[in-house]
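> Have a look at this one before I ask anything.
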Amino acid sequence: MTETRVFEYTRGQVDEDDPLHGEVMRVNMGPQHPATHGVLRLVVDLDGETMCKVDPDVGYLHRGKEKTCESLGWRKFFVHTDRLDYVQPLTNNIAYAMSLEKLAGLEVPERGQTIRVLLMELNRIMAHLIYIGTSSIDLGAVGIFFYAFVQREQLYDILDAYTGHRMNNTYVRMGGVYADIDEDVAKQIEAFLDQFPAKVDELANLLERNRIFYDRTRGVGTISAADALAMSLSGPNLRGSGVEFDLRKQQPYCGYESYYFDVPVGTVGDCYDRYLVRMEEMRQSCRIAQQALQRLKENRGGDFIARDRHYVLPPKADVHTSMEELIHQFKIVTDMRLPKGEAYSAVESSKGELGFYIVSDGTSDPVRCHVRAPGLVNVQAIPMLAEGRLLSDMVAIIGSLDFVMGEVDR
């Protein structure tokens, strides 16, 4: 009887004495490859169809965003934060604004905080819909993409009506948001949130009962809780491994401590668990957004942006009629300064902990602006998840980590 031998690759090591071992072939997956979700190059060493070593090569989309902040100044960099994780631009705006506000000691009015929560949760839904649609295409379920994007298009229309832009909205300001939400936009948001949970269930029924999707994701790309923590993973990728850590709960901001929602966690830590976590997060985001919208309806009026004229532009009508307000606008636009010091503030983005670390010397020229991008951390986990798996599993692994190269490379 012939003995069956099972060979396992460990951290890229190949058993040279294995009689079944063949020639190791090096292939490039990307940077022009639709399944890498951006201009990511993966150098893969293959023994047959098994990946024995994977080396991510980033930097193809590098634009020097952090350095750009030093030359543009605090205010003008807001628009560049949109271009980091461009599937959730308003979340980037808010994370950056929170760092500036922390250093300046600037308080955001309650209504402004509520609007921020609403925008962040709508952005989270939009980002997860991108994940569902594109990851499904990678695994052959092309129709799911259109189901997901019908919902995302409705959110595009809502943000267009509110901010004037479908993407890269730049609607957040230091001290709050640019404008209040009017009744027409509120009704659009309410209508969307009322029908959305049923649409999530529809997506779940199409995918979770699909044997191909289940077999391509269950047991693939497994990472333990200890390894996930060691790799500094956060967000759904960490919670998929069973670690119940969410900044909205552990380190609340924008009043999240007053909202009712659950934090979904996985048990296995594979691609399927990460999918389940994101699906449930969309339901919870809908729940949070409904609470925020209800608060806006019950407490009409009130400031949506701070009135501190050291950092916040005065209303245009006042600028046209008041010399003092005109002077304030001129000073903020040309020479807005933050106190000397440093600050770090982070939010729970759809991909994990998104933080901005800023350093000021007391002038209008930033000394440092560093972005703690969760996407970069997610990319560094690829070798651990991929080595020893078949090349076809790489597509499922990349999709399940959910990163955007604009944020990774910056």
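Laboratory data are not the source of any read-out in this text; all were calculated from the coordinates shown. Predicted, not measured: the structure shown is a model, and the values here were computed from it. Note that each Cβ is placed from the backbone with ideal geometry, even for glycine, and that neighbours are counted across all protein chains shown.
> Too long at a 29 Å Cα-Cα cut-off: which of 102/249; 187/331; 76/340; 65/297; 76/316; 76/102? Provide the component values of the computation, followed by the final result.
Numbers: 102/249 19 Å; 187/331 38 Å; 76/340 19 Å; 65/297 38 Å; 76/316 19 Å; 76/102 18 Å.
From the list (102/249; 187/331; 76/340; 65/297; 76/316; 76/102), the Cα-Cα distance tops 29 Å for 187/331; 65/297.
> Hey, another quick one. Please determine, in degrees from 0 to 90 and to the nearest 10, the orientation of helix 271-298 with respect to the longest principal axis defined by the Cα atoms of the chain, where the helix direction is its Cα long axis.
In the chain, helix 271-298 runs at an angle near 20 degrees to the longest axis.
> Determine how many Å³ per residue the convex hull of the Cα atoms of region 160-296 encloses.
146 Å³
> Could I ask something else about it? How big is the shadow of the Cα convex hull of the chain, averaged over all directions, in nm²?
Result: 22.0 nm².
> Please flag any cysteine in the chain that has no other cysteine's Cβ under 4.7 angstrom from its own Cβ.
By the Cβ distance rule, which asks for a partner under 4.7 Å, the isolated cysteines are 52, 254, 271, 286.
> Right, another one. Taking the Cα centre of the chain as the origin, how large is its charge dipole in debye, to the nearest 20, when only Lys and Arg (+1) and Asp and Glu (-1) carry charge on their Cβ atoms?
On the way: 45 positive and 60 negative charges, 230 e Å.
Once rounded to the nearest 20, the dipole reads 1100 debye.
> Full-extension gain between residue 157 and residue 179, please, as 0.36 nm times their residue separation minus the C-alpha to C-alpha distance.
Extending this stretch completely gives an extra 6.2 nm.
> Calculate one ³J(HN,Hα) per residue across region 73-78 by plugging θ = phi - 60° into the Karplus curve 6.51 cos²θ - 1.76 cosθ + 1.60, and present them in order as whole Hz with x for glycine and proline.
x, 4, 6, 6, 7, 3
> Taking the simple approach of a point 7 Å from Cα along Cα-to-Cβ for both residue 298 and residue 198, what is their distance in nm?
Output for this residue pair reads 2.6 nm.
> Taking Rh as the Kirkwood radius computed over C-alpha pairs, what is the Stokes-Einstein D of region 284-334 at 37 °C in a medium of viscosity 0.692 mPa s, expressed in µm² per second?
The Stokes-Einstein estimate is 247 µm²/s.
> Could you tell me the calculated FRET efficiency between residue 218 and residue 244, based on Cβ-Cβ distance and R0 = 22 angstrom, to the nearest 0.05? Display every interim value, and only then the final one.
On the way: r = 22 Å, r/R0 = 0.99.
Step by step, r from the Cβ atoms, then E = 0.50.
> Give a residue-ordered list of calculated ³J(HN,Hα) values for region 143-157 (Karplus: 6.51 cos²θ - 1.76 cosθ + 1.60, θ = phi - 60°; whole Hz; x for Gly, Pro).
Karplus-based 3J(HN,Hα) across region 143-157 equals x, 4, 4, 6, 4, 5, 7, 4, 5, 5, 5, 5, 5, 4, 4 Hz.
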